[in-house]
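Bear in mind these aren't lab numbers, they're just calculated from the coordinates by the rules spelled out. Everything numeric here is computed off the predicted structure, so don't read it as measured data. Every residue, glycine among them, receives a Cβ derived from its backbone with ideal geometry; neighbour counts consider all protein chains shown.
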Amino acid sequence: MENISTTHLDCWVLDEVETDFITIWELVSVFHQRQPEISTSDILMQLKTSLGHLYALELLTFYQGIVFNGDEHVVEVDVTDDFIFEQSEDWKSLVVSQIKIHITPRGREVFLANCNSDAFNF
């Protein structure tokens, strides 16, 4: 496997999407818990950077579905400021279909190789 550089923020994202599908608004909550002193706008910027980086490297995939028990399908997204903001507010909407993120096999390899306990000690 090639050497891929990851930040502690990338590791936080990969850790969350490693075992289940997760929404961006759930990631916002995780980042708030790990960095309570950081503003929501800064967290959204962190997520845009990290998700854009991981997505470009094909370490995670975006899916759209309703119950995510086989009804989900891969969707292509543009990880923009607007996309991140809209998805961070998705929990407020009455829309049944959601976009969630999950790790790819390559992402799991990178996570296991790069994300040791140091990435979570802050």
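Cα-based Rg (one decimal) and Dmax (whole number) for the chain, in Å?
Radius of gyration, then largest Cα-Cα span, for the chain: 13.9, 42 Å.
Once you've got the GNM for the chain with C-alpha springs shorter than 10 Å, pick whichever of Thr23, Thr80, Thr61 has the biggest mean-square fluctuation.
Result: Thr80 has the largest fluctuation of those listed.
Under unit Cβ charges (Lys, Arg +1; Asp, Glu -1), what dipole magnitude, rounded to 20 debye, does the chain have relative to its Cα centre?
160 debye
If the elastic network links every pair of Cα atoms under 10 Å, which of Gln33, Gln64, Gln98 fluctuates the most in the Gaussian network model of the chain?
Gln33
Can you check what the net charge comes to around Thr49, using other residues whose Cβ is under 12 Å from the Cβ of Thr49 (Lys, Arg +1; Asp, Glu -1)?
Taking every other residue near Thr49 into account, the sum is -2.
Just to verify a number: FRET efficiency for Glu89 and Glu58, C-beta to C-beta distance, R0 = 35 Å, to 0.05?
So, using R0 = 35 Å, E works out to roughly 0.85.
Can you compute the modelled spin-label distance between Ile4 and Asn69, with each label point 7 Å from Cα toward Cβ, in nm?
3.1 nm
May I ask for the Kirkwood hydrodynamic radius of the range 18-66, worked out over all distinct Cα pairs and given in angstroms to one decimal?
Value: 11.8 Å, from the Cα pair sum.
Given the rule -39500 (n - 2.57) for each run of at least 4 DSSP H residues, summed and divided by the residues of the chain, what is its mean residue ellipticity at 222 nm, to the nearest 500 deg cm²/dmol?
Value at 222 nm, helices only, nearest 500: -14000 deg cm²/dmol.
Net charge near Cys115: determine it from the other residues with C-beta under 10 Å of the C-beta of Cys115, scoring Lys and Arg +1 and Asp and Glu -1.
Value of the local net charge: -4.
Convert each backbone phi in the range 96-108 into a coupling constant with the Karplus relation 6.51 cos²θ - 1.76 cosθ + 1.60 (shift: θ = phi - 60°), then list the ³J(HN,Hα) values in order as whole Hz, x for Gly and Pro.
7, 6, 10, 9, 10, 10, 9, 6, 9, x, 5, x, 5
May I ask for the percentage of alpha-carbon pairs in the range 45-105 that lie more than 19 Å from each other? Can you show the working numbers first?
Numbers: 548 of 1830 pairs.
It works out to 30 percent of all Cα pairs.
Under 10 Å, Cα contacts only: if you run a Gaussian network model on the chain, which one of Leu60, Leu112, Leu44 comes out with the highest mean-square fluctuation?
Leu112
Just subtract the alpha-carbon distance of Thr104 and Thr23 from 0.36 nm times their residue separation and send over the number in nm, one decimal.
27.6 nm
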